[in-house]
Each structure stands twice: as C-alpha cells, then as structure tokens.
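All remarks here apply to the structure that follows.
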Amino acid sequence: MSRRFGILFCIVMAAFAFTKTGQAAPLVPSRAEADAREVIRQGKYSFCKEPSSPLSQRARQLCPLAEKAEGCEGFKTACATLKEKERLPNIDAPKSSASIASFLAYLVKVVMWLAIIALIVAITLPIVYAILKWRRDREVSDPAEKKPAIQVEEEVAEAEPVIGDAELLLQRAAQMLERGDFVAAVQLYFQAAVAGLDQRGILRIAKDRTNGEYVRSCQDLSVRSALREIAVVVDKAQFGGEKPTAETAGSVSKRALALVRGLPLMILLLALLGGCKQGEGKLLKIPNGADPAGREMMLDLLKTQGVNVGWLERSLASLPIVKEDETGPAIFIDTDTTPVDEETNAHLVRWVESGGFLIVSGAFATENLTLRPGQLTSGHVITIRPADSDDSDDAVQFETTTVIDAVTVDATPAVERSAKVAWFSSDEATYGALIPIGKGNVLALPSDELFTNAGLAVPANARAMVALMSHAHDRDLKIAARSSGIAPPSNPMTSLIRAGLGLGLIHLLFAIALLFWAFGRRLSAPLPPPVEARRSIRENVEATGSLYARRRLGAHALGAYARFLDERLRARILRGNVNIPTYLAARTRAEPEYCERLWHRAKEAQNGAPDRGDELQVIRQLAALYTAAISTD
Amino acid sequence: MTPEQFASAYERLVAEIGRVIVGQQPLIEGLLASVLAKGHVLIEGAPGLGKTLVARTLAVVSGCSFKRIQFTPDLMPSDITGSSVFERQSAQFTFIPGPIFAQLLLADEINRAPAKTQSALLEAMQDRQVTVDGVSRPLPQPFAVVATQNPVESQGTYPLPEAQLDRFLVKLTVGDPSREMEQTIVRHHADGFEPSDLSAVRPILNPEHITAMQDYAQKIRCDDAVVNYIVDLVRRTRSDRAIELGASPRASISLMKVAQVIAASQGRAFVTPDDVKPMVAPVLRHRVMLHPDAELQGITADDRITEIIREAPVPRLG
C-alpha cells in the first residue's frame, strides 16, 4: 500500500514538474542581444538585406534606426534612396505608393458598389422573371370558359416527352459525348440549355416551338447568341445531315453548361465578396520579415526566451474578463496600427482592472489613464532594468527618439506616484511606465520602436525589449492585429455599415421596397374586363328557346316564328301570289295539306292560342320547310 | 449557285423592292419567295395598299417582262390568252398573243371577271402554256401570275372557285401600314415619287438569274423529319372540325417548295421547321373551307391555322 502510494506521489510530482504552469523562466536580456545578432547574421529576415518596397509609412519613420542597425545595408540603402527622392523634386517621379494605394482604394470601392448593384440585380431579376413567367403561363393556358358551338376537339397527340431537368439532360448529354454520339449529344445539350433557360423564366418550352423561335425569344443578347450557336449545330445535325465533330460538340457543351448554370458573373461576384479577408494580409502575402516595421523578430526573440507569444485571434472587445484565480495574458497593442473604438476601449479597461496586463504603445486614453506620446525628438538614453532585478549590471541602456509627452493617471500628472516602475532619460523625459489599474497593469510606452524588426536590429534594443517584457514575463503574450481594436459587429447590418456600405444598404432597402410596391400596385390593379365572347346565333336561339320552354311560352315562340316566316317569305314571293303554305309546298314538294296544317297551327299560336305542347315540333317542321325552300333559290 | 449567292441575290431583291414599297416587308418576302418557288400569288387587300405596285416593282428589279390585266365583268378569255385573227392579205389566221405571254402577269381584281374568264388562267397557271384553237403555246420562263382582289366589295364579284384557288401557291393579305410607315410613304410622294414611273428602280437580276434561283431552290435538302412535319400540318386541316374542306396534297408540296426558298434565302442548304412555320398560313389559308357554323362564330381560317400550328409538335431528335 505504501509502495503504491509512493509511486503515485512520484508520478504526480513528475507531472507537475513537466506541466507548463504558465510560470516561465525569467527572461534573459543579454541572451536576446546575442540571439538578435545571430538571426540577422543568418539572414532569417529579409528586412535588412531586401526590405519590402516601397517602405511602409511606419518603416519610413524607423529610418533613423537604419544607421544604427547592424548588417542592414539594404534597409540603409532604401532609407537613403527615400531621403534622396524626398530631397530632390522630381517632375517625372513615378506615382508614390500612397497615390497608388488611394487609387486602388477607390477602385475597390467602385468594385464593391458594382458588386452591390450586381447583387440587387441578381435578387430582383429572378423575381421579375418568375412573375412574368407566371403571367405568361396564365395567358397561354387554355381558357375553360371558351366553349364555341363547334366543339373543336383538340387532338391528344402522343405525349411529347417533357424536356425535363436541365442537369439530368446535361448528364445524359455528357454520356453521349463520351460515347461519341455527337448528334444525340448536341441535341441533348440544346434541350438542357432550353430547360435551364425555361427554369429561369427566360423562355417558355412548348411543343410547337422551333429551335429558331427559342433563340428569338431570348431577350438577353449574350444568351441569345450562345443559344443560337447551339441551335445552328443542332439544325445542321438534325435537318442538314451534317454530323458535328468532337470539337463542335465540345464547344456546344461549354455553351450549354454556361447557359444552364448561370452567368459567370455570379461566380466572379462570389469570388469578390468572399475573397477579401481581414487579418494580416493573407491575400497579399509579404515575404517573411521583409517589413522593417514588422513583428517577426520580436515574436521569435520572445519565443526563444520561453514566452508563449502569438497573434491575438479575437477581437479585443471579446477578451474574457480575468477570473479571480487566473493569470490573464499580456496583450500588446500598438494604437497607431490598431485603432481602438470606444466600446473596445471600455472593455479593455474592465479587463485590465480584472487582472489583465496591457502593453500599449502610442496614444491611449481611459477614464483613469491618458497616455500621449510626444513628437520625435533628439535621442534620449533610457535605462531599463528587468523586473525583479536590483543588479545594476542587468540594466540596459538604449537610445530612443520617442518619449512620452504626458502620462496622466486619475487626472493627476503624477507618473511617479502612480507607477510601479517608470523609466526616464537622463534629462528626465519619461519613456514609459508600469501603471497599476485595479488588479491589472498597463505598461505604457510612447512607440513600438523596440518591437519592430528595424528597432531590434539595433544593438542593445533587443536587450531593452526583453527587459521591458520581463515585467510581464509570467504571462502569455498576445499581439493585437490591425482589426482587433474594432468590436465585432453584432449583426450583418452593423458589419455592412462599418464597411462603409451603410448608404448602399439604405439604397438597397429602398429599391427593394420600391420594387415590391410597384409590382404589388400593378398586380393589385383591376384586370380589364374580359372580352365578351361572341355568342353564336345558335346559342342565342337555344337560350331563347330554353327560356320559352321554362316559362311555358311555346305558343308565343311559335307565333314569333310564324311572324318571322311571314316576313321573310313575303319578301321572296312574287306579287299576287302571297300564299305561304302554297309557296312552301311548291318549293319543297311537300304535301300542300301538310304545309297548310302547319301554317294554320302557327297562325293560331300567333293569335294567342294557349300552349298545346306541340309548338316545338311545329317550329322544327316549319324550319325544315323554310330551309328547304330558300335553298332552292 | 451557292447558298451565299442565293442569299445575297435574295437580299438585294428585297432591299431594292423595299425602296419603293415601304412598310410591307412580309408582302415583299412572301411574293418573292413564291415566285422563286415557281408559284403564283394571290394578294388580298383593301385598295391603295400597293398590291399592284409591288408586282410591277418585282418585274422591274428582276428584269422580267410585265403585263397587267384589269379584270372586268366583260373580260373574255381570249382577251387574256390571245386569239387568232384572219389576215385578209395572207388569207391566214395569225395568232395574236394575249397579255398572258409575259413573264410576270398581274391579274388585277381577278374576282371581278366571271368564272369563264378566270378559268382561262387555269391551264396557264398549271401547265405554263395556253391552248388556243387547239394549239398549245408555251409561256415564257420564268412565268408567274400575281393576282389581286379586294376583300371589301362583294357586289359584282365572282369568288374564285376552289380549283383555281388551289393553284395559287400562297395567298398574301395586305394590312394597313403603321403610322410611321404611312408618314414615310407620304413623305416619299411629297419628295416627288411617282408610282407610275419606276425608272429610278434598278434591275438587279435578269430572268435567267431568276430561273437559276428557282432551280437551285428546288435542290435544297428537305429532311424526312421536315417532310413529316409539313404533312402533319396539312393533314390536321382535314381533321379539324371547324374546317369543312381541308387542304389537298398540293398544299403540302407548295409548303415544302416555299420553305426551300426560305431556307436558301437564309444561306442554308437544308430546310428547318423555322422555314416552314412562317409560310403555313399563307399557303393554307385559301385552301381550306370553314364550316358555316364556324364562320358564323367569326372564326377565320387564320385562327384555325394558328391553332393547328400550335398543336403540331415540331420534330426533334431523340
């Protein structure tokens, strides 16, 4: 039992020994200088030999360090060239990188606006096409209310195979293409293209439409042109007996794919919207360590010192508040390159007060602290002693041209009173201070000079940097990126507004509202009254007859017909022989008594005789006689 | 002749005629296509729409001889074909050819002459010859009859019998021009254009060219699928319940011939359904007889033909 306990204890102790507790070993400034010299000698970073061209704004500000940096001939030369250019006015000087950058920025803005317009069009066009297609289909559908007297039975022809889904047809066409059946392939590609365009509402499939009609019905010139080229090949194959070649079939397949799968502009649009990425310029990859103002050397030097250092991969506004028993990381912010908005600023203060360690260079202001860097001045020699070190041999001296103009804490310009540690020049200019705020600290510095590649290339600066960082040596160090200072947008609208697209968003919403209002108004407008179908004579007569029958007015109908016959036949009969039954008998060769009987019955009805139920029959018989009589004329 | 040459000549003819006849492009193209298909044309339209002028202009630009016959109720067949006249000096009968002996004959208001006179054209239109006194005399080549009639008047007219109607390849209807076109027409006349004076119109071709074009058009390939489509369209007129008398097989042949010309005018050596569809109505409208009830309902031949076209499936592969 005891042996088992002993073994367990040893295991636990060993685990503790090997576990990273966050308690790093003390930073060794002297080693930093040697490391810096070594990496510069190895040429690990290209800022010394071949700095990025043109030099960034910050890199230019570091040019005074070029003379002091060891082994950085390239940087010196670049700075000298820059100075020469600035000194001599050059009429033919090429455009400066600033103007190019501003032009590119303008270009990007234009492209973004075009992308927005394209997005609006891409959203509204399908809606419009769908509405037009719905209306077109409604017009074309056979109206059930039209019932002509001649019931023209539409031939139910053999069901024309429905063209079907465009993608399926494309697959079948590709299979035919692989098989070498180019004739079938081009026809299927054409059907696929037509099906795809029909799905998008650009044209309408109908069994009576020819290939040429499909082409002519496309309003979009580019679509029409592509479809026409396919149709020409299909016509030649189907009606001209000219089989397409593999090359022709391949060309047809490309066009059909483009027609079915939409415009390439959409792909370009998606690429534009999805290609831009915030962060450390992943798209514009700069060779490692080429920027004299970069942080590569700082990261590497601190890593060799055992510091867990890296880029902050979140927004400053989302830093978790440090808990009671936790040791928060150290965050390095250069406010010149990482602008901090108010919301983030306030959160940073809360984070510091909860126990965070903030290393800030450049201007910074909170409720309790104001840090205002001064202008560039002549060199000041600063002495920095590492944390927890009283040995003067450990002190590091370095020369700087930037100092803090003022650090006020609690509105009291008393750096010495508030700061745990402060560093001054011999002429009592303040370089920086470690100021406690709540449970945390703020290490305030005038600039990021000591943290840049060029700055660390100067002898003694690497030691100074490590000596400064030793004041946060027991913490992980995270360096804030350019975008970390802006609180992440809480909703898509905020992100669009931050991107400067707020006005465009308003325009878009207004355009959509206007569009819907316009279409809604149009659709809600009363439809014109349908054109009255012309009723045939037969329908009218039948309707009248039905009315008479329902109202039991057969005698009235017979009397009216008798009047009609009287008028019509009198107009035909020669004068002096106005005897209608005789005329009818003569014309139709019917029995005179038969005609007489019918006429007598009709006259009775005309004179008001009541219904007997035989009126319809009499009318039919008289109508037959009348028709026969006039047909012989 | 190549397809490109045919298409080029066709375009030039249309353009040249279009300089005189404004706003009647379907009429010009229908007339030209029919003549090149070796067919005869019946043009129906209200007065003053250029029916006579288009025929005269076609004759001028094609270099063909042109004669015009004004059909009247007292016109005799011999006034058309010609007759033999006894010459006292030679004591022989001499045949005096009538106006029908022209390459392009304009039969103006053909429905004003009685049936006996109209029938004088039957043999000429069918066989391209006339027989007078037992002697058959061939007509010049190319030969085409362009007849006109006025749909408005019915008094004093003699409707063409079906047998004669069937001999016209197409029946073209002429409508009123648009406002802009009418303004252009009036402007032309204001600028001094005189319809009776076509001296400014250039002859583009000559009769030999026209004959060559006609022969070339006949060789345009007509695939079985297109033939079946044409036959399907024509046969549907016979089974349509609103049509009492459908089109005859001559209609199928006529439709194919004119489609061949349309295909050639596009520079193609084969016929497609796109060439057939535009000519279905002109070829069939005068060959179908509607049921009286359908006429009473106001249904026209064009309505039924449009419906037939809509119902007939276009041939497709696969």
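Label sites at A:Arg597 and B:Asp127, each approximated as a point 7 angstrom past Cα along Cα to Cβ, lie 5.9 nm apart. Counting Lys and Arg as +1 and Asp and Glu as -1 over every other residue whose Cβ lies under 14 Å from the Cβ of B:Leu31, the net charge comes to +1. Measuring r between the beta carbons of A:Glu178 and A:Asp137 and using R0 = 30 Å, the FRET efficiency lands at 0.25. For the residue pairs B:Lys38/B:Lys277; A:Lys420/A:Lys478; B:Lys38/B:Lys116; A:Lys68/A:Lys109, alpha carbon separations beyond 31 Å are given by A:Lys68/A:Lys109.
Which entries of A:Lys303/A:Lys323; A:Lys303/A:Lys439; A:Lys236/B:Lys219; B:Lys67/B:Lys171 show an alpha-carbon separation above 24 angstrom in the structure shown? If you can, show how the numbers build up before the last one.
Working: A:Lys303/A:Lys323 26 Å; A:Lys303/A:Lys439 27 Å; A:Lys236/B:Lys219 16 Å; B:Lys67/B:Lys171 20 Å.
Correct reply: A:Lys303/A:Lys323; A:Lys303/A:Lys439.
Here each label is just a point 7 Å from Cα along the line to Cβ, and for A:Ala586 and B:Val135 those points are 5.4 nm apart.
Between A:Phe510 and A:Ile497, 0.36 nm times their residue separation minus their Cα-Cα distance comes to what? Before the final figure, lay out the partial values.
On the way: separation 13, 0.36 × 13 = 4.68 nm, distance 1.57 nm.
3.1 nm is the gain from fully extending A:Phe510 to A:Ile497.
Computed extension gain for A:Ala365 through A:Ser318, at 0.36 nm per residue and net of the alpha carbon distance, reaches 15.0 nm. Placing +1 on each Lys and Arg Cβ and -1 on each Asp and Glu Cβ, with no other charges, gives the range B:85-221 a dipole about its Cα centre of roughly 360 debye. Only the Cβ atoms of Lys and Arg (+1) and of Asp and Glu (-1) were treated as charged; on that basis the dipole of chain B about its Cα centre amounts to roughly 560 debye. Association of chains B and A removes close to 2800 square angstrom of accessible area from solvent, both sides included, for a probe radius of 1.4 Å. Projecting the Cα atoms of B:Leu13, B:Pro3, B:Pro47 onto the dipole axis of the range B:1-71, where Lys and Arg carry +1 and Asp and Glu carry -1 at the beta carbon, places B:Pro47 farthest toward the positive end. Site pair B:Gln183 and A:Thr383 shows an inter-label distance of 9.8 nm when each label is modelled 7 Å from Cα along Cα→Cβ. Residues of the range A:204-250 whose accessible area (probe 1.4 Å, heavy atoms of protein chains only) drops by at least 30 Å² once all protein chains are present, relative to their chain alone: A:Lys207, A:Asp208, A:Thr210, A:Asp235, A:Gln238, A:Phe239, A:Gly240.
The values are calculated or read from the model by the stated rules, or taken from the named source; none is laboratory data. Bear in mind the structure is a predicted one, so any value in this text is a computation, not a measurement. Ideal geometry is used to build each Cβ from the backbone, glycine not excepted, and the neighbour counts take in all protein chains shown. For accessibility, only protein heavy atoms count, side chains too; no ligands or nucleic acids. Shrake-Rupley method; radii C 1.70, N 1.55, O 1.52, S 1.80 Å.
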